[in-house]
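Data first, discussion second: the structure below is written as structure tokens.
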């Protein structure tokens, strides 16, 4: 009888909700996320391009 009443924790809806994120349909959230991603990508791109110019100067000297 106890085995019939046992619940597998990985199959509950609570366990599934812990592994998935909620969809946020607000426009402000989407815009601020896009702006943040663009700023981070821009920063890394500037660093990468400045390093590439130094490497190219060294190679073609």
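Label positions at residue 31 and residue 19, each projected 7 Å from the Cα along the C-beta direction, are separated by 3.6 nm. Counting beta carbons within 10 Å around each of 44, 60 and listing the fewest first gives the order 60, 44. Compared with the dominant principal axis of the Cα atoms in the chain, helix 27-59 is inclined by about 40°.
Taking each pair of distinct Cα atoms in the chain once, what is the resulting Kirkwood hydrodynamic radius in Å?
Values: mean 1/r = 0.0594 Å⁻¹.
By the Kirkwood definition, the hydrodynamic radius is 16.8 Å.
What ranking do 13, 53 get, fewest neighbouring Cβ atoms within 10 angstrom at the top?
Details: 13 7, 53 10.
Final ranking by Cβ density, sparse to dense: 13, 53.
When 51, 23 are sorted by how many other C-beta atoms sit within 10 angstrom of their C-beta, beginning with the fewest, the order is 23, 51.
Any read-out appearing in this document is the output of simple, stated calculations on the displayed coordinates, not a laboratory observation. Everything numeric here is computed off the predicted structure, so don't read it as measured data. Note: ideal-geometry Cβ built from the backbone for every residue, glycine included; neighbour counts use all protein chains shown.
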